[in-house]
C-alpha cells in the first residue's frame, strides 16, 4: 500500500522542509521507493535542499493543466521528486485544492512506497490542499510553547474538516536543555503522538550550504541518527542507536539535573495550556 504523508507545520522556521527531505532520504536508505513533492507553491525550497535545479516541469505546470504529473517526475540520487516553480508568474491561476486528484496517478505500489508532501506552513490554501491530499500527517515543531499553539490550531482545523487522518508529530532542533519543554508534556498538551526527535545539529546547516540532505552529507551526525530512527518507526524496521548518541543524551540529562536553571518554565500540561492561552 502506498502511504502519502504530508509534512506540515503551524508556522515557518521549524525545519519542515529539512524534515521532509531527510525523511525521504532515510526511507530510501531502508530500501523504500520514495516520491518527494514540493507543495509549497508560494515559497518553494525543496529542490535547493536536495541540490538539483535541472528540471523541465514543476507541480505548477501540473496544477495549471500544462502537463500530467508523471511528466513532472524527476529522478535524483535515488529519489523521485516533483519540484515547485521558483517563477512568481507560475502561481497565477493555480487552484491548490486540485492536488489530491493530480496525485492519484503516482499511487502505484510497484513504483512507490511513500509519497512525501512538503507543505506550505500555516493554514493557507496550499497547506489545506496537503491536509486534504495526505493519508497521514506529520506535524513538525520545536519544543517551545508558541510553536505548540500553532500545531494545536492546525490540529483543530484538520479534525474539523478531515477527522479520519493519522496524526503524528516530530520535534525538531532538540537540544535537550532545561529551557525546552519535555517531549512527554508536549505530547499530553497537543494530544498527538511524538514519533521522532531530531537533535539540533550544525551539520544540518552545513548540509544546507552544500545542497545535500544531512542524511547523505553526514550520515553519522546526531541529526541523521534522528532521521533514521524516524524512518525506522514509520517502516517498522529496527535501528540500533549508536552508543555515542546514547551517551550524549545521558550526559545531557545528568547535566540538567545538576546545574541550576535560570528559566522558569511551565512543567505540567495545564500550565503549558495556560501559557499558550496567554500568548506567551
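The values are calculated or read from the model by the stated rules, or taken from the named source; none is laboratory data. Keep in mind that what you see is a predicted model, and the values were worked out from it rather than measured. Counting neighbours? That spans all protein chains shown, and the Cβs are built from the backbone with ideal geometry, glycine included.
Scanning region 59-99 for residues that are in a loop (DSSP other than H, G, I, E, B) and over 19 Å from residue 111 (Cα atoms) yields 64, 65, 66, 67, 84, 85, 86, 87, 92, 93, 94, 95.
Is region 103-111 home to any residue that is buried (at least 19 other Cβ atoms within 10 Å of the Cβ) and in a loop (DSSP other than H, G, I, E, B)? No; the residues of region 103-111 include none that is buried (at least 19 other Cβ atoms within 10 Å of the Cβ) and in a loop (DSSP other than H, G, I, E, B). No other residue among 104, 66, 98 is over 30 Å from residue 164 (Cα atoms) and out of contact with any strand residue (DSSP E or B) (no Cβ under 9 Å at 6 or more places or on another chain) apart from 66. Of the residues that sit in region 74-102 and are under 16 Å from residue 4 (Cβ atoms) and out of contact with any helix residue (DSSP H, G or I) (no Cβ under 8 Å at 6 or more places or on another chain), which one is surrounded by the fewest Cβ atoms within 10 Å (Cβ to Cβ)? Among those that are under 16 Å from residue 4 (Cβ atoms) and out of contact with any helix residue (DSSP H, G or I) (no Cβ under 8 Å at 6 or more places or on another chain), it is 101. Within region 120-130, the residues that satisfy the criterion of being assigned to a loop (DSSP other than H, G, I, E, B) and closer than 17 Å to residue 156 by Cβ are 121, 122, 123, 124.
Filtered by the rule that a residue be in contact with a strand residue (DSSP E or B) (Cβ under 9 Å, 6 or more places away or on another chain), at pLDDT 95 or above and assigned to a helix (DSSP H, G or I), region 17-58 gives 17, 18, 19, 20, 21, 22, 23, 24, 25, 27, 28. Mind counting the residues in region 22-44 that are under 13 Å from the mean Cα position of the chain (by Cα) and closer than 21 Å to residue 102 by Cβ? Here the count works out to 6.
Please work out if residue 147 is closer than 25 Å to residue 4 by Cβ and in contact (Cβ under 8 Å) with a residue 40 or more places away in the chain. Criteria met by residue 147.
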